[in-house]
Structures are given as structure tokens and as C-alpha cells.
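Colleague: This is the structure I want to talk about, given as C-alpha cells.
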């Protein structure tokens, strides 16, 4: 049923949430013999007002560091028999997730749910935006607590 599974990973999120997302993705990849796309999104340094405050190579360093951290997380939680592609994107989190889902032709996105805060009712979380706008199925994982 699913052949291409996208898992956005917040590399600054707690270990428990990252582990939950990656382990569930691994289970589904094994069950469906699917390919896993592990994605992390980092801030975009391209805006002149932002870029002026950082060295010119800061954006490249952020991407390289994020890619290294993503590889470490995937290596720690995804078995070697699962086909994984590591992806790093810059920009708006939910927009990059949606674009990457289309680019890799994902048929499932796996994302964690977070506790609702007051500002989420006004702005919406990245997960809720992905759920509303994704062209494929989205599995939202709730933690036990």
C-alpha cells in the first residue's frame, strides 16, 4: 500500500519523539517493503536582513551540521535493511515538508503530534498544516504521555 514514506525529523526535538517517529517508520517500511525518506528542515539564511548578521558560509554550515545529525539519528534508529534517503531542506517547515513529499512522490508522511498551546489555535502547528494540505496520507503519532 505504501512504497515511499517521508518522515520529517526535528533534530532539536526530544529523543523520545524522534525515536517514536523513526521506529514507526521502520515498522511500516518493513511491512510494506517501502523506501524511507528522512527529512529535516533548517532555517533559511537567504533573507538579506538575516544573512547580514552571520558569516557568509553560515547557511552551508547549518545544512552540513543538520545532515550529519540526521545521519546519526537514522543510523541509531533505522535498521540497515531499510532503504533510506537523507534529505535536508531550508525554509518554512511545513512548506518544505509538503514540497518534499511531492518531489519524492511520498504516499505517506509520518509526523508526531505535539501538545496544543494557545498560539497553536491561532497559528496552527506544522503538523496540522501538513495534514490539511498534503496530497498523500499523513499518520500523526501521539506519544503515550
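Colleague: With the checklist (1) in contact with a strand residue (DSSP E or B) (Cβ under 6 Å, 6 or more places away or on another chain); (2) under 19 Å from residue 139 (Cβ atoms) in hand, flag the one item residue 44 doesn't pass.
Modeller: (2)
Colleague: Could I ask something else about it? Can you find a residue that is at pLDDT 95 or above and in a helix (DSSP H, G or I) anywhere in the stretch 120-130?
Modeller: no
Colleague: Within the stretch 14-44, track down each residue that is farther than 23 Å from residue 60 by Cβ and surrounded by fewer than 16 Cβ atoms within 10 Å (Cβ to Cβ).
Modeller: Result: 14, 15, 16, 19, 23, 27, 30, 31, 32, 33.
Colleague: Taking the stretch 71-86 on its own, how many of its residues are closer than 11 Å to residue 39 by Cβ and surrounded by fewer than 19 Cβ atoms within 10 Å (Cβ to Cβ)?
Modeller: 2
Colleague: Out of all the residues in the stretch 103-119, which are surrounded by 13 or more Cβ atoms within 10 Å (Cβ to Cβ) and at pLDDT below 95?
Modeller: 111, 112, 113, 114
The values are calculated or read from the model by the stated rules, or taken from the named source; none is laboratory data. These figures come from a predicted structure and were not determined experimentally. Ideal geometry is used to build each Cβ from the backbone, glycine not excepted, and the neighbour counts take in all protein chains shown.
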